[in-house]
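What follows is a set of notes on a single structure, which appears directly below.
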């Protein structure tokens, strides 16, 4: 495995892995328990947004979930705002903290109020997208085989700029960036030359992006652990 890009909420790496297994891990990211606002009681809403719109926005606010998923009773968050201007997610008060405190919920004018009690519970992305911890996606890694009579114009048409010129020859600077757009192939055909060969490899470029509730590393590890658990249970039932 080789990490190609890493940020606070996103990681990309190359690994030799079957697509079926990668897809199973991707699907199981939505089996990871995550905290989210499930219900709200709006006792006062003078804002221009409907109660349903505010409830929808609040449900999608990422909440920090560490070591609190097992609690059966829902946590309570309260919001009571009378100030003029934008009401932000950071104004929610309670035992669960927000990942981002500057998510706009609604806006109030002078003299208007907003009073809400929100109930937080643990859930899975298979139940609702508000419980999803993030995204995982992947694509094939390919090798580009450049022919001797390949036209130099392919360097300019490549949107990812992975082709270059070195001593008058076309070279591949980074095949990991190739997203198989076929721009170079079409340019070769346009010039009446033999197309560049795009050869699939056994490697995949895997990217994981976190919404903030848990880290990208934990999303990958927990998805694998839940998948292993289900496979073990399935194996036991088949063996009976």
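Filtering segment 80-103 down to residues that are in contact with a strand residue (DSSP E or B) (Cβ under 8 Å, 6 or more places away or on another chain) and in contact (Cβ under 8 Å) with a residue 40 or more places away in the chain, which residue is surrounded by the most Cβ atoms within 10 Å (Cβ to Cβ)?
Initial filter on segment 80-103 (in contact with a strand residue (DSSP E or B) (Cβ under 8 Å, 6 or more places away or on another chain)): 80-99, 101-103.
Those still in the list that are in contact (Cβ under 8 Å) with a residue 40 or more places away in the chain too: 87, 96, 99, 103.
Values: 87: 24, 96: 19, 99: 17, 103: 18.
Per the criteria, the residue is 87.
Regarding residue 65, is this residue at pLDDT below 95, outside any strand (DSSP E or B) and either surrounded by 18 or more Cβ atoms within 10 Å (Cβ to Cβ) or assigned by TED's automatic domain parsing to the domain that holds residue 8 (or both)? Don't jump to the end; show me each part of the working.
Values: at pLDDT below 95: yes; outside any strand (DSSP E or B): yes; either surrounded by 18 or more Cβ atoms within 10 Å (Cβ to Cβ) or assigned by TED's automatic domain parsing to the domain that holds residue 8 (or both): yes.
Answer is yes for this residue.
Yes or no, residue by residue, for (1) assigned by TED's automatic domain parsing to the domain that holds residue 60; (2) part of a loop (DSSP other than H, G, I, E, B):
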site	(1), (2)
101	yes, yes
142	no, no
149	no, yes
188	no, no
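Could we say that residue 188 is touching a helix residue (DSSP H, G or I) at 6+ places or on another chain (Cβ under 8 Å) and either buried (at least 18 other Cβ atoms within 10 Å of the Cβ) or closer than 30 Å to residue 31 by Cα (or both) here?
Yes: the conditions hold for residue 188.
Looking at (1) buried (at least 16 other Cβ atoms within 10 Å of the Cβ); (2) out of contact with any strand residue (DSSP E or B) (no Cβ under 6 Å at 6 or more places or on another chain), which is the only condition residue 59 fails?
Going through (1) buried (at least 16 other Cβ atoms within 10 Å of the Cβ); (2) out of contact with any strand residue (DSSP E or B) (no Cβ under 6 Å at 6 or more places or on another chain) one by one, residue 59 breaks only (2).
Just to verify a result, which residue in segment 105-127, among those that are touching a helix residue (DSSP H, G or I) at 6+ places or on another chain (Cβ under 7 Å) and not in a loop (DSSP other than H, G, I, E, B), is nearest to residue 60 (Cα to Cα)?
Keep residues of segment 105-127 that are touching a helix residue (DSSP H, G or I) at 6+ places or on another chain (Cβ under 7 Å), which gives 105-106, 118, 123-126.
Filter again for not in a loop (DSSP other than H, G, I, E, B), leaving 105-106, 118, 123.
Numbers: 105: 10, 106: 14, 118: 12, 123: 13 Å.
The qualifying residue nearest to residue 60 (Cα to Cα) is 105.
I need the full set of residues from segment 141-152 which are in contact with a helix residue (DSSP H, G or I) (Cβ under 8 Å, 6 or more places away or on another chain) and surrounded by 14 or more Cβ atoms within 10 Å (Cβ to Cβ), in order please.
Residues satisfying the conditions are 141, 142, 144, 150, 151.
For segment 192-217, give me each residue that is assigned to a loop (DSSP other than H, G, I, E, B), touching a helix residue (DSSP H, G or I) at 6+ places or on another chain (Cβ under 8 Å) and within 30 Å of residue 33 (Cα to Cα).
Narrowing segment 192-217 to residues assigned to a loop (DSSP other than H, G, I, E, B): 192-196, 211-215.
Filter once more, keeping what is touching a helix residue (DSSP H, G or I) at 6+ places or on another chain (Cβ under 8 Å): 194-196, 214.
Once the filter is applied, which keeps residues that are assigned to a loop (DSSP other than H, G, I, E, B), touching a helix residue (DSSP H, G or I) at 6+ places or on another chain (Cβ under 8 Å) and within 30 Å of residue 33 (Cα to Cα), segment 192-217 yields only 214.
On the basis of being within 18 Å of residue 214 (Cα to Cα), under 20 Å from the mean Cα position of the chain (by Cα), at pLDDT 95 or above and assigned by TED's automatic domain parsing to the domain that holds residue 200, does residue 25 make the cut?
yes
The values are calculated or read from the model by the stated rules, or taken from the named source; none is laboratory data. In this text, all values refer to a predicted model and were calculated from it rather than measured experimentally. Every residue, glycine among them, receives a Cβ derived from its backbone with ideal geometry; neighbour counts consider all protein chains shown.
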